[in-house]
Amino acid sequence: MPIETLKETASQTAGPYLHIGMMPAAAGITGRRKQPGNTLVSAETQGTRVRVEGYVYDGAESLVRDGQLEIWQANAQGKYNHPADTQDKPLDATFKGFGRALTDFKTGLWWFDTIKPGIVPGRRERPMAPHLNLLLFARGINMGLQTRIYFADDAAANAADPVLNLIELPARRDTLIAKRTERDGKVVYQFDIHLQGEKETVFFDI
Amino acid sequence: MSNKVTELYIARDRSMHPPAYAPEYKTSVLRSPRKPLLSLQQSLSEITGPVFGHEDLDPLDNDLLHNARVDNDPIGERIVVHGRVLDHDARPVRGALIEVWQANAGGRYRHVNDHYIAALDPNFSGCGRCITDDSGAYFFRTVKPGPYPWRNRINDWRPAHIHFSLFGRAFVTRLITQMYFEGDPLLPLCPIYNAIPDAGARARLVAPLDTAQTIALDALAYRFDIVLRGTRQTFFENSPGSF
(Lines give C-alpha, C1' and ligand atoms only; values in the text may rest on other atoms or scores of the structure.)
Protein backbone atom coordinates (compact mmCIF):
# COMPACT_ATOMS: atom_id res chain seq x y z
CA MET A 1 0.00 0.00 0.00
CA PRO A 2 1.42 3.41 -0.90
CA ILE A 3 1.64 5.88 1.95
CA GLU A 4 -1.39 8.16 2.04
CA THR A 5 -0.70 11.84 1.64
CA LEU A 6 -2.95 14.79 0.93
CA LYS A 7 -3.89 15.09 -2.71
CA GLU A 8 -3.17 18.19 -4.70
CA THR A 9 -6.29 20.34 -5.13
CA ALA A 10 -7.85 19.74 -8.55
CA SER A 11 -7.25 22.29 -11.28
CA GLN A 12 -10.13 24.08 -12.99
CA THR A 13 -10.13 26.32 -16.02
CA ALA A 14 -9.30 29.98 -15.39
CA GLY A 15 -12.27 30.84 -17.61
CA PRO A 16 -12.85 33.81 -19.91
CA TYR A 17 -12.77 36.42 -17.14
CA LEU A 18 -9.40 35.53 -15.63
CA HIS A 19 -8.28 39.12 -16.14
CA ILE A 20 -10.48 40.32 -13.26
CA GLY A 21 -8.32 38.54 -10.74
CA MET A 22 -4.93 38.58 -12.44
CA MET A 23 -4.87 41.60 -14.78
CA PRO A 24 -7.79 43.72 -13.54
CA ALA A 25 -7.00 46.79 -15.63
CA ALA A 26 -7.62 44.73 -18.77
CA ALA A 27 -11.06 43.75 -17.47
CA GLY A 28 -11.85 47.44 -16.97
CA ILE A 29 -11.18 47.54 -13.21
CA THR A 30 -9.09 50.49 -12.10
CA GLY A 31 -7.32 51.31 -8.87
CA ARG A 32 -4.82 48.49 -8.42
CA ARG A 33 -1.53 49.95 -7.26
CA LYS A 34 0.81 47.11 -8.19
CA GLN A 35 0.21 44.32 -10.63
CA PRO A 36 2.60 42.13 -12.61
CA GLY A 37 2.54 43.05 -16.28
CA ASN A 38 4.28 42.30 -19.55
CA THR A 39 7.21 44.67 -19.07
CA LEU A 40 9.75 42.94 -16.83
CA VAL A 41 12.55 45.49 -17.15
CA SER A 42 13.30 48.98 -15.94
CA ALA A 43 15.97 51.35 -17.25
CA GLU A 44 18.51 49.97 -14.75
CA THR A 45 18.01 46.28 -15.51
CA GLN A 46 21.14 44.60 -16.82
CA GLY A 47 21.01 42.56 -20.00
CA THR A 48 20.08 42.58 -23.64
CA ARG A 49 16.58 43.92 -24.24
CA VAL A 50 14.31 41.68 -26.22
CA ARG A 51 10.68 41.69 -27.16
CA VAL A 52 9.04 38.27 -27.35
CA GLU A 53 5.64 38.12 -29.01
CA GLY A 54 3.23 35.82 -30.75
CA TYR A 55 -0.21 34.34 -31.04
CA VAL A 56 -2.00 31.35 -29.59
CA TYR A 57 -3.95 29.16 -32.03
CA ASP A 58 -6.55 26.50 -31.26
CA GLY A 59 -7.08 23.25 -33.16
CA ALA A 60 -9.04 25.04 -35.90
CA GLU A 61 -6.24 27.64 -36.30
CA SER A 62 -8.47 30.25 -34.67
CA LEU A 63 -6.86 32.81 -32.41
CA VAL A 64 -7.19 32.48 -28.64
CA ARG A 65 -8.07 36.02 -27.57
CA ASP A 66 -9.08 35.49 -23.95
CA GLY A 67 -5.98 33.84 -22.52
CA GLN A 68 -3.08 34.76 -20.29
CA LEU A 69 0.61 33.88 -20.46
CA GLU A 70 3.05 33.95 -17.58
CA ILE A 71 6.81 33.81 -17.90
CA TRP A 72 9.41 33.06 -15.27
CA GLN A 73 13.07 33.54 -16.14
CA ALA A 74 16.60 33.93 -14.88
CA ASN A 75 18.43 37.26 -15.00
CA ALA A 76 21.15 38.12 -17.51
CA GLN A 77 23.71 36.19 -15.41
CA GLY A 78 21.59 33.05 -15.39
CA LYS A 79 20.39 33.40 -11.79
CA TYR A 80 16.81 33.05 -10.60
CA ASN A 81 15.53 35.51 -8.00
CA HIS A 82 14.51 32.74 -5.59
CA PRO A 83 16.12 31.18 -2.49
CA ALA A 84 16.37 27.72 -4.10
CA ASP A 85 18.88 29.13 -6.60
CA THR A 86 22.11 28.90 -4.58
CA GLN A 87 24.48 29.61 -7.48
CA ASP A 88 27.29 32.03 -6.74
CA LYS A 89 26.01 34.61 -9.22
CA PRO A 90 24.75 38.16 -8.64
CA LEU A 91 21.08 39.01 -8.37
CA ASP A 92 19.79 42.07 -10.21
CA ALA A 93 17.71 44.03 -7.69
CA THR A 94 15.74 45.59 -10.54
CA PHE A 95 14.69 42.28 -12.03
CA LYS A 96 12.17 39.87 -10.54
CA GLY A 97 11.89 37.66 -13.60
CA PHE A 98 8.12 37.22 -13.61
CA GLY A 99 5.72 38.64 -16.18
CA ARG A 100 2.15 38.35 -17.33
CA ALA A 101 0.57 39.14 -20.67
CA LEU A 102 -2.88 38.77 -22.09
CA THR A 103 -3.72 37.66 -25.59
CA ASP A 104 -5.25 40.85 -26.97
CA PHE A 105 -9.07 40.78 -27.04
CA LYS A 106 -9.12 41.97 -30.68
CA THR A 107 -5.86 40.91 -32.33
CA GLY A 108 -4.83 37.93 -30.18
CA LEU A 109 -1.25 39.27 -29.97
CA TRP A 110 0.69 38.82 -26.72
CA TRP A 111 4.10 40.29 -25.96
CA PHE A 112 6.73 40.69 -23.27
CA ASP A 113 9.48 43.28 -23.00
CA THR A 114 12.26 41.62 -21.08
CA ILE A 115 15.94 40.67 -21.21
CA LYS A 116 17.58 37.63 -22.65
CA PRO A 117 18.24 35.31 -19.67
CA GLY A 118 21.68 33.84 -19.07
CA ILE A 119 22.60 30.18 -19.16
CA VAL A 120 21.33 28.17 -16.18
CA PRO A 121 22.85 24.85 -15.16
CA GLY A 122 20.52 21.92 -15.58
CA ARG A 123 20.73 18.53 -14.01
CA ARG A 124 24.28 17.22 -13.53
CA GLU A 125 25.65 20.64 -14.50
CA ARG A 126 24.60 20.33 -18.13
CA PRO A 127 24.03 23.93 -19.23
CA MET A 128 20.56 24.82 -20.39
CA ALA A 129 20.33 27.24 -23.28
CA PRO A 130 18.71 30.61 -22.45
CA HIS A 131 14.98 30.09 -22.08
CA LEU A 132 11.79 31.57 -20.66
CA ASN A 133 9.52 29.24 -18.67
CA LEU A 134 5.97 29.68 -19.87
CA LEU A 135 2.53 28.91 -18.44
CA LEU A 136 -0.64 29.40 -20.48
CA PHE A 137 -4.14 29.74 -19.04
CA ALA A 138 -7.42 30.28 -20.89
CA ARG A 139 -11.05 29.32 -21.13
CA GLY A 140 -11.19 25.74 -22.34
CA ILE A 141 -7.81 24.88 -20.81
CA ASN A 142 -8.55 22.75 -17.77
CA MET A 143 -5.03 22.91 -16.40
CA GLY A 144 -2.34 25.48 -17.16
CA LEU A 145 -0.08 24.39 -20.02
CA GLN A 146 3.66 24.55 -19.40
CA THR A 147 6.39 24.94 -21.95
CA ARG A 148 9.61 26.89 -22.65
CA ILE A 149 10.64 29.55 -25.12
CA TYR A 150 14.18 29.23 -26.53
CA PHE A 151 15.89 31.68 -28.90
CA ALA A 152 16.75 30.81 -32.50
CA ASP A 153 20.10 32.59 -32.55
CA ASP A 154 21.45 30.32 -29.77
CA ALA A 155 21.78 27.48 -32.28
CA ALA A 156 24.79 25.80 -30.66
CA ALA A 157 23.45 26.08 -27.12
CA ASN A 158 20.02 24.88 -28.23
CA ALA A 159 21.58 21.88 -29.97
CA ALA A 160 23.19 20.88 -26.65
CA ASP A 161 20.22 21.72 -24.43
CA PRO A 162 19.18 18.76 -22.26
CA VAL A 163 15.47 19.53 -22.48
CA LEU A 164 15.30 20.19 -26.22
CA ASN A 165 17.23 16.96 -26.73
CA LEU A 166 14.46 14.98 -25.08
CA ILE A 167 12.28 15.82 -28.09
CA GLU A 168 13.04 13.32 -30.80
CA LEU A 169 11.48 14.92 -33.87
CA PRO A 170 13.30 18.08 -35.00
CA ALA A 171 10.03 19.64 -36.15
CA ARG A 172 8.57 19.20 -32.67
CA ARG A 173 11.73 20.64 -31.10
CA ASP A 174 11.35 23.71 -33.29
CA THR A 175 7.98 24.46 -31.68
CA LEU A 176 9.92 25.71 -28.62
CA ILE A 177 12.28 28.01 -30.51
CA ALA A 178 11.35 31.65 -31.11
CA LYS A 179 12.37 33.14 -34.45
CA ARG A 180 14.59 36.20 -34.42
CA THR A 181 13.46 39.23 -36.36
CA GLU A 182 14.23 42.93 -36.25
CA ARG A 183 11.71 45.74 -36.34
CA ASP A 184 12.68 49.41 -36.25
CA GLY A 185 16.16 48.41 -35.09
CA LYS A 186 14.75 46.40 -32.20
CA VAL A 187 15.18 42.65 -31.72
CA VAL A 188 11.82 40.86 -31.73
CA TYR A 189 11.45 37.14 -31.16
CA GLN A 190 8.33 35.56 -32.58
CA PHE A 191 6.80 32.56 -30.87
CA ASP A 192 3.45 31.14 -31.87
CA ILE A 193 1.73 28.54 -29.72
CA HIS A 194 -0.41 25.86 -31.32
CA LEU A 195 -2.67 24.01 -28.92
CA GLN A 196 -3.42 21.20 -31.35
CA GLY A 197 -2.76 19.81 -34.80
CA GLU A 198 0.26 19.40 -37.06
CA LYS A 199 2.13 22.28 -35.44
CA GLU A 200 1.14 21.43 -31.85
CA THR A 201 3.56 22.98 -29.36
CA VAL A 202 5.42 20.62 -27.03
CA PHE A 203 3.93 20.96 -23.53
CA PHE A 204 5.50 19.54 -20.39
CA ASP A 205 4.49 17.36 -17.49
CA ILE A 206 6.95 18.44 -14.80
CA MET B 1 32.72 18.25 -3.74
CA SER B 2 29.87 19.16 -1.43
CA ASN B 3 26.95 17.06 -0.33
CA LYS B 4 23.89 19.06 -1.16
CA VAL B 5 20.34 18.38 -0.14
CA THR B 6 17.92 19.59 -2.74
CA GLU B 7 14.18 19.74 -2.49
CA LEU B 8 12.32 18.50 -5.52
CA TYR B 9 8.55 18.49 -5.91
CA ILE B 10 6.61 15.26 -5.90
CA ALA B 11 5.10 14.28 -9.21
CA ARG B 12 1.68 15.57 -10.12
CA ASP B 13 -1.07 12.92 -9.89
CA ARG B 14 -2.97 13.75 -13.06
CA SER B 15 -5.85 11.43 -12.12
CA MET B 16 -6.82 14.09 -9.57
CA HIS B 17 -7.23 16.74 -12.30
CA PRO B 18 -9.57 17.19 -15.26
CA PRO B 19 -8.16 15.93 -18.55
CA ALA B 20 -7.32 18.53 -21.20
CA TYR B 21 -9.97 17.06 -23.51
CA ALA B 22 -13.36 17.07 -21.77
CA PRO B 23 -15.91 17.11 -24.61
CA GLU B 24 -18.92 18.06 -22.46
CA TYR B 25 -17.02 21.31 -21.87
CA LYS B 26 -17.06 22.26 -25.53
CA THR B 27 -14.31 24.87 -25.58
CA SER B 28 -11.84 22.22 -24.42
CA VAL B 29 -12.32 20.27 -27.65
CA LEU B 30 -10.23 22.64 -29.77
CA ARG B 31 -8.02 23.92 -26.95
CA SER B 32 -6.70 20.58 -25.66
CA PRO B 33 -3.27 19.32 -26.72
CA ARG B 34 -3.55 15.85 -28.22
CA LYS B 35 0.07 14.80 -28.26
CA PRO B 36 1.60 13.31 -25.11
CA LEU B 37 3.06 15.80 -22.65
CA LEU B 38 6.85 15.69 -22.43
CA SER B 39 7.84 14.39 -18.99
CA LEU B 40 10.59 16.53 -17.55
CA GLN B 41 12.79 16.11 -14.51
CA GLN B 42 12.89 19.26 -12.42
CA SER B 43 15.76 21.71 -12.75
CA LEU B 44 16.39 25.15 -11.29
CA SER B 45 13.92 26.51 -13.83
CA GLU B 46 11.09 24.58 -12.19
CA ILE B 47 11.92 24.57 -8.47
CA THR B 48 12.18 28.35 -8.39
CA GLY B 49 9.37 30.84 -8.98
CA PRO B 50 8.26 34.37 -8.20
CA VAL B 51 8.06 35.32 -4.53
CA PHE B 52 5.44 37.82 -3.40
CA GLY B 53 5.07 39.75 -0.16
CA HIS B 54 2.66 42.07 1.55
CA GLU B 55 4.38 45.00 -0.17
CA ASP B 56 2.87 43.68 -3.41
CA LEU B 57 -0.68 44.05 -2.07
CA ASP B 58 -3.03 46.96 -1.54
CA PRO B 59 -4.61 47.37 1.93
CA LEU B 60 -8.15 46.39 0.86
CA ASP B 61 -7.17 43.55 -1.44
CA ASN B 62 -8.75 40.90 0.81
CA ASP B 63 -11.89 42.92 1.45
CA LEU B 64 -14.14 42.66 -1.59
CA LEU B 65 -16.95 44.32 0.37
CA HIS B 66 -14.96 47.54 0.36
CA ASN B 67 -12.24 47.48 -2.28
CA ALA B 68 -14.54 48.77 -5.03
CA ARG B 69 -16.96 50.66 -2.79
CA VAL B 70 -18.37 53.87 -4.26
CA ASP B 71 -21.27 54.82 -2.00
CA ASN B 72 -22.46 51.61 -0.35
CA ASP B 73 -21.59 48.01 0.40
CA PRO B 74 -22.28 45.61 -2.47
CA ILE B 75 -25.61 43.81 -2.69
CA GLY B 76 -25.61 40.14 -1.76
CA GLU B 77 -25.00 37.62 1.00
CA ARG B 78 -22.02 38.77 3.03
CA ILE B 79 -19.55 35.91 3.47
CA VAL B 80 -16.07 35.22 4.80
CA VAL B 81 -13.99 32.69 2.87
CA HIS B 82 -11.05 31.25 4.73
CA GLY B 83 -8.85 28.18 4.90
CA ARG B 84 -5.28 26.97 4.84
CA VAL B 85 -2.86 26.26 2.05
CA LEU B 86 -0.97 23.05 2.81
CA ASP B 87 1.40 20.76 0.99
CA HIS B 88 0.88 17.00 0.57
CA ASP B 89 2.38 16.34 4.03
CA ALA B 90 -0.05 18.86 5.58
CA ARG B 91 2.74 21.35 6.18
CA PRO B 92 1.64 24.98 5.83
CA VAL B 93 2.61 26.82 2.66
CA ARG B 94 3.60 30.25 3.97
CA GLY B 95 3.62 33.38 1.87
CA ALA B 96 1.50 31.89 -0.92
CA LEU B 97 -0.11 34.56 -3.08
CA ILE B 98 -3.81 33.90 -3.65
CA GLU B 99 -5.69 35.87 -6.28
CA VAL B 100 -9.48 35.53 -6.43
CA TRP B 101 -12.12 36.68 -8.85
CA GLN B 102 -15.86 36.14 -9.02
CA ALA B 103 -19.21 37.30 -10.36
CA ASN B 104 -21.41 39.58 -8.27
CA ALA B 105 -24.49 38.40 -6.38
CA GLY B 106 -26.49 38.44 -9.62
CA GLY B 107 -24.00 36.29 -11.53
CA ARG B 108 -22.48 39.14 -13.56
CA TYR B 109 -18.74 39.72 -13.91
CA ARG B 110 -17.24 43.18 -14.04
CA HIS B 111 -15.43 42.47 -17.27
CA VAL B 112 -15.58 44.25 -20.61
CA ASN B 113 -16.41 40.94 -22.29
CA ASP B 114 -19.31 39.85 -20.02
CA HIS B 115 -22.66 40.90 -21.48
CA TYR B 116 -25.04 38.85 -19.30
CA ILE B 117 -28.32 40.73 -18.68
CA ALA B 118 -27.95 40.66 -14.89
CA ALA B 119 -26.99 44.08 -13.53
CA LEU B 120 -23.52 45.19 -12.58
CA ASP B 121 -23.10 46.29 -8.98
CA PRO B 122 -21.39 49.69 -8.91
CA ASN B 123 -19.88 48.84 -5.50
CA PHE B 124 -18.35 45.51 -6.42
CA SER B 125 -15.45 44.46 -8.66
CA GLY B 126 -15.09 40.80 -7.63
CA CYS B 127 -11.31 41.10 -7.55
CA GLY B 128 -9.15 40.30 -4.52
CA ARG B 129 -5.79 39.07 -3.24
CA CYS B 130 -4.26 37.79 -0.04
CA ILE B 131 -1.10 36.07 1.19
CA THR B 132 -1.00 33.09 3.55
CA ASP B 133 0.42 33.59 7.04
CA ASP B 134 2.89 31.35 8.90
CA SER B 135 0.23 28.71 9.48
CA GLY B 136 -0.76 28.73 5.80
CA ALA B 137 -4.02 30.47 6.67
CA TYR B 138 -5.78 33.03 4.51
CA PHE B 139 -9.10 34.83 4.60
CA PHE B 140 -11.07 37.38 2.65
CA ARG B 141 -14.60 38.69 2.77
CA THR B 142 -16.95 39.20 -0.12
CA VAL B 143 -20.52 38.52 -1.24
CA LYS B 144 -21.63 35.10 -2.39
CA PRO B 145 -21.47 35.02 -6.20
CA GLY B 146 -24.60 34.16 -8.15
CA PRO B 147 -24.94 31.33 -10.68
CA TYR B 148 -25.14 32.33 -14.33
CA PRO B 149 -25.91 30.83 -17.74
CA TRP B 150 -23.12 30.27 -20.23
CA ARG B 151 -22.82 29.24 -23.85
CA ASN B 152 -22.03 25.55 -23.85
CA ARG B 153 -25.03 23.30 -24.13
CA ILE B 154 -28.03 25.61 -24.55
CA ASN B 155 -29.22 25.41 -20.93
CA ASP B 156 -25.93 25.21 -19.02
CA TRP B 157 -25.52 27.19 -15.81
CA ARG B 158 -22.39 27.59 -13.75
CA PRO B 159 -22.81 26.79 -10.07
CA ALA B 160 -21.81 29.65 -7.77
CA HIS B 161 -18.00 29.70 -7.67
CA ILE B 162 -14.96 31.78 -6.83
CA HIS B 163 -11.84 31.49 -8.99
CA PHE B 164 -8.57 30.94 -7.10
CA SER B 165 -5.07 31.43 -8.50
CA LEU B 166 -2.18 30.26 -6.30
CA PHE B 167 1.57 30.73 -6.29
CA GLY B 168 3.31 28.38 -3.89
CA ARG B 169 7.04 28.06 -3.37
CA ALA B 170 7.92 27.22 -6.97
CA PHE B 171 6.63 27.59 -10.51
CA VAL B 172 5.76 23.84 -10.57
CA THR B 173 3.24 24.33 -7.76
CA ARG B 174 1.30 27.01 -9.65
CA LEU B 175 -2.39 26.18 -9.60
CA ILE B 176 -5.64 27.77 -10.76
CA THR B 177 -8.90 26.32 -9.54
CA GLN B 178 -12.47 27.17 -8.51
CA MET B 179 -14.16 26.99 -5.12
CA TYR B 180 -17.80 25.92 -5.00
CA PHE B 181 -20.43 26.12 -2.25
CA GLU B 182 -21.91 23.31 -0.19
CA GLY B 183 -25.37 22.23 -1.27
CA ASP B 184 -25.42 23.90 -4.70
CA PRO B 185 -27.94 21.98 -6.86
CA LEU B 186 -26.11 23.02 -10.04
CA LEU B 187 -22.94 21.10 -9.16
CA PRO B 188 -24.06 17.70 -10.53
CA LEU B 189 -25.02 19.43 -13.81
CA CYS B 190 -21.80 21.36 -14.41
CA PRO B 191 -19.52 19.99 -17.15
CA ILE B 192 -16.51 21.97 -15.91
CA TYR B 193 -16.78 20.66 -12.35
CA ASN B 194 -17.61 17.15 -13.54
CA ALA B 195 -14.61 17.06 -15.86
CA ILE B 196 -12.68 16.06 -12.75
CA PRO B 197 -12.90 12.27 -12.86
CA ASP B 198 -12.28 11.58 -9.16
CA ALA B 199 -15.27 12.04 -6.82
CA GLY B 200 -13.05 12.86 -3.86
CA ALA B 201 -11.15 15.48 -5.85
CA ARG B 202 -14.45 17.06 -6.88
CA ALA B 203 -15.76 17.06 -3.32
CA ARG B 204 -12.63 18.84 -2.07
CA LEU B 205 -13.50 21.86 -4.27
CA VAL B 206 -16.79 22.32 -2.40
CA ALA B 207 -16.44 24.64 0.60
CA PRO B 208 -18.63 23.69 3.56
CA LEU B 209 -20.47 26.24 5.64
CA ASP B 210 -18.33 26.98 8.70
CA THR B 211 -20.58 28.17 11.49
CA ALA B 212 -17.62 28.44 13.88
CA GLN B 213 -16.22 31.26 11.77
CA THR B 214 -19.50 32.98 11.04
CA ILE B 215 -19.53 36.60 12.18
CA ALA B 216 -22.73 36.89 14.17
CA LEU B 217 -25.28 39.36 12.77
CA ASP B 218 -22.89 40.13 9.88
CA ALA B 219 -21.53 37.39 7.60
CA LEU B 220 -21.65 33.64 6.98
CA ALA B 221 -18.36 31.77 6.59
CA TYR B 222 -17.16 29.07 4.20
CA ARG B 223 -13.97 27.08 4.58
CA PHE B 224 -11.77 26.12 1.62
CA ASP B 225 -8.49 24.32 2.28
CA ILE B 226 -6.09 24.01 -0.65
CA VAL B 227 -3.28 21.50 -1.19
CA LEU B 228 -0.29 22.36 -3.37
CA ARG B 229 2.46 20.00 -4.44
CA GLY B 230 5.01 19.37 -1.71
CA THR B 231 8.68 18.52 -1.75
CA ARG B 232 10.81 15.57 -0.93
CA GLN B 233 14.47 15.87 -0.03
CA THR B 234 17.08 14.29 -2.22
CA PHE B 235 20.80 13.83 -1.64
CA PHE B 236 23.20 14.67 -4.39
CA GLU B 237 26.96 14.74 -4.21
CA ASN B 238 27.40 17.62 -6.51
CA SER B 239 28.09 21.27 -6.70
CA PRO B 240 25.42 23.94 -6.31
CA GLY B 241 22.94 24.14 -9.09
CA SER B 242 23.17 20.54 -10.15
CA PHE B 243 20.88 17.73 -9.14
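The values are calculated or read from the model by the stated rules, or taken from the named source; none is laboratory data. Owing to the predicted nature of the structure, the values given are computational and were not obtained by experimental measurement. Cβ placement follows ideal geometry from the backbone for every residue including glycine, while neighbour counts extend to all protein chains displayed. Side chains are part of the model used for accessible areas, which takes the heavy atoms of the whole protein and leaves out ligands, DNA and RNA. Shrake-Rupley method; radii C 1.70, N 1.55, O 1.52, S 1.80 Å.
Taken over the stretch B:171-191, the residue count meeting the criterion of being in a loop (DSSP other than H, G, I, E, B), open to solvent by less than 10 Å² (accessible area, probe 1.4 Å) and facing chain A (nearest Cβ under 7 Å) is 0.
To keep it simple, each residue is scored yes or no on (1) closer than 15 Å to B:VAL80 by Cα; (2) touching a residue at least 40 places away in the same chain (Cβ under 8 Å); (3) more than 15 Å from the chain's Cα centre (by Cα).
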position	(1), (2), (3)
B:PRO92	no, yes, yes
B:ALA96	no, yes, no
B:VAL100	yes, yes, no
B:LEU120	no, no, yes
B:ASN123	no, yes, yes
B:ASN152	no, yes, yes
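Contact map, the stretch B:195-214: first residue open to solvent by less than 30 Å² (accessible area, probe 1.4 Å) and polar (S, T, N, Q), second residue in a loop (DSSP other than H, G, I, E, B) and modelled with pLDDT under 95, Cβ cut-off under 8 Å, separation 6 or more or different chains; the map is empty. Restricting attention to the stretch A:167-206, the residues that are touching a strand residue (DSSP E or B) at 6+ places or on another chain (Cβ under 9 Å), open to solvent by 20 Å² or more (accessible area, probe 1.4 Å) and of a type in the set (A, V, I, L, M, F, W, C) total 2.
Here A:THR86 fulfils each of the conditions (1) within 7 Å of chain B (Cβ to nearest Cβ); (2) β-branched (Val, Ile, Thr); (3) in contact (Cβ under 8 Å) with a residue 24 or more places away in the chain apart from (3). Please determine whether any residue of the stretch A:61-68 is within 14 Å of another protein chain (Cβ to nearest Cβ), open to solvent by less than 40 Å² (accessible area, probe 1.4 Å) and outside any loop (DSSP other than H, G, I, E, B). Looking through the stretch A:61-68, at least one residue is within 14 Å of another protein chain (Cβ to nearest Cβ), open to solvent by less than 40 Å² (accessible area, probe 1.4 Å) and outside any loop (DSSP other than H, G, I, E, B).
Cβ-Cβ contacts under 7 Å between residues 6 or more apart (or on different chains), taken from a first residue in the stretch A:121-140 that is more than 25 Å from B:THR234 (Cα to Cα) and within 9 Å of another protein chain (Cβ to nearest Cβ) to a second residue that is part of a strand (DSSP E or B) and among the hydroxyl-bearing types (Ser, Thr, Tyr), are listed as A:HIS131/A:TYR150.
Across the stretch B:86-105, the number of residues qualifying as facing chain A (nearest Cβ under 9 Å) and within 17 Å of B:ASN62 (Cβ to Cβ) comes to 4. Elements of the type strands (runs of 3 or more DSSP E) sitting completely within the stretch A:97-146 and holding at least 2 residues that are buried (at least 22 other Cβ atoms within 10 Å of the Cβ) and out of contact with any Gly (no Cβ under 8 Å at 6 or more places or on another chain): these cover A:131-137.
A:GLN196 meets the conditions (1) among the polar types (S, T, N, Q); (2) over 25 Å from B:LEU30 (Cβ atoms); (3) within 14 Å of chain B (Cβ to nearest Cβ) in every case but one. The failed one is (2). If you check A:ARG51 against the conditions, is it among the basic types (Lys, Arg) and touching a helix residue (DSSP H, G or I) at 6+ places or on another chain (Cβ under 9 Å)? The answer is no for A:ARG51.
For B:ASN155, the requirement of being touching a helix residue (DSSP H, G or I) at 6+ places or on another chain (Cβ under 8 Å), of a type outside the set (Gly, Ala, Ser) and surrounded by fewer than 20 Cβ atoms within 10 Å (Cβ to Cβ) is not met.
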